[in-house]
Amino acid sequence: MTIVRTRTPSGEAIVILPEAEFERLHDLAEEAADARVLAASLTRLQAGDEELLNGDDLDALRAAPTPLAFWRGRRGLSAAALARQADLPEEHVSAVERGESIGDVQLYRRLARALGVEIEDLVPDP
């Protein structure tokens, strides 16, 4: 394999290598990045900071009127209890849960904090 080290007209050092070698190195870098993400996720899972959903959970999430409805039910909270924990009006929480109202970022932040999930976990698909 031939590797050429040279400089651009502006003086930047560059390396020219065969495309197959570039692809191999690129794949290795992607695998290393994936391994770091996996290790971080496992660490969060072991610390109790991350939660796994099984197939039945995913089916229930898809069947729920909104992600908020799924997570509230999974946590075993009534709408009133969730509203109290999030310091929000129960009527508003219920309307968002039924998909009749769309909340703002602050609402989802409060609900996510009360449910112990990320905001992204609560936002319904368009």
Problem - Using distinct alpha-carbon pairs, which all enter the 1/r mean, Kirkwood radius of the chain in Å - result: 18.3 Å
Handout entry: Over the chain: helical MRE at 222 nm, DSSP H runs n ≥ 4 each giving -39500 (n - 2.57), nearest 500
Key = -18000 deg cm²/dmol
Completion exercise
Computed on Cα atoms only, the convex hull of the stretch 4-46 has an orientation-averaged projected area in nm² of 4.3 nm²
Exercise for the section: Quick one: work out Rg over Rh on the C-alpha atoms of the stretch 55-121, Rh as Kirkwood radius. Expected result: 0.93
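Rule-based calculations on the coordinates, nothing more; no lab input. Being a predicted model, the structure only gives us computed values, none of them experimental.
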